[in-house]
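In what follows, a structure is listed as structure tokens, so that the remarks can point back to it.
The values are calculated or read from the model by the stated rules, or taken from the named source; none is laboratory data. Only a predicted model underlies this, so the values are computations on that prediction, with no experimental measurement involved. Note that we place each Cβ from the backbone using ideal geometry, even for glycine, and neighbour counts take in every protein chain shown. Just so you know, the surface numbers come from the protein's heavy atoms only, side chains and all, with ligands and any DNA or RNA stripped out. Shrake-Rupley method; radii C 1.70, N 1.55, O 1.52, S 1.80 Å.
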Amino acid sequence: MFSIAIQYRQLQLQDYAALLQLANQVHGDGYLDQQSLAYYHQLSIKQGIDASFVAYADQQLVGFRLCWAAGQWQPDQWCSTELWQSAVADTSYFKCNTIAPLWQGRGVGAELMNRSIAALKQQGAKAGVAHLWRQSPGNAAVKYFSKQGGQLVKIHPDKWREDSHNGYECVRCGFDCRCEAAEMIIYF
């Protein structure tokens, strides 16, 4: 099964249905919807370069990474911009990295990250920030981002609690998410 070649490419409209299904399977129902995905995808394109990527194995979506271009998103209360060593205007956002459970730990996430960073650099970004799910099994999200060069900025309790009260069903907590986010940054 894992000798199948993986095809990587930039996100396209035709990927939305499979992407939404995988996102909600891995992260929980309501994590993404058609409207938010279309908006997030728009934020990833700058100077004609798309920083969001998908991975397919045997015509089945096995992973994706959504990124927002530097200068095209606004930090919120969960961003500790005063602790960053890059200007907000030069900092992109790694919205999410999602890999199908059977494909986790096989390098798909790292390849998606590498492709996104290359695109973000072409767009002019000097860094990328993310909020990693600390309660992921074995704290895999933080470990993965750290292996990619990520540095801890700050821990944020209850990062997704408001989202869970507005329809997002956390795979761990249900509709009252108490998970913590590790705000992390990678300098390019």
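Here are the numbers for the structure shown:
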read-out	value
Cut-off 11 Å between beta-carbons: net charge of the residues surrounding residue 116, Lys and Arg +1, Asp and Glu -1	+2
Theoretical ellipticity at 222 nm over the chain - DSSP helices of four or more residues, -39500 (n - 2.57) apiece, nearest 500	-8000 deg cm²/dmol
Per residue accessible area of region 32-184, 1.4 Å probe, in Å²	48
Nearest-20 debye value, the chain charge dipole, Cβ charges on Lys, Arg, Asp, Glu	600
Ranked packing of 44-52, 32-40, 77-85, 139-147, most packed first, by mean Cβ within 10 Å	44-52, 139-147, 32-40, 77-85
Among 138, 149, 28, residue whose mean-square fluctuation peaks in a GNM of the chain (springs only between Cα atoms under 10 Å)	138
Residues with amide H under 5 Å from that of residue 11, placed H, sequence gap 5 or more	52, 53, 54
Value of relative contact order over region 1-84, rounded to a whole percent, pairs C-alpha under 8 Å and six or more apart	32
Option label - mean projected area of the Cα convex hull in nm² computed here, alternatives [x] 9.3; [y] 18.4; [z] 9.9	[z]
³J(HN,Hα) computed for each position of region 55-66 - Karplus, 6.51 cos²θ - 1.76 cosθ + 1.60, integer Hz, glycine/proline x	10, 10, 10, 6, 6, 10, 5, 10, x, 7, 9, 9
Filter on 46/143; 126/159; 46/126; 95/121; 95/159 - keep pairs with C-alpha separation over 18 Å	46/143; 126/159
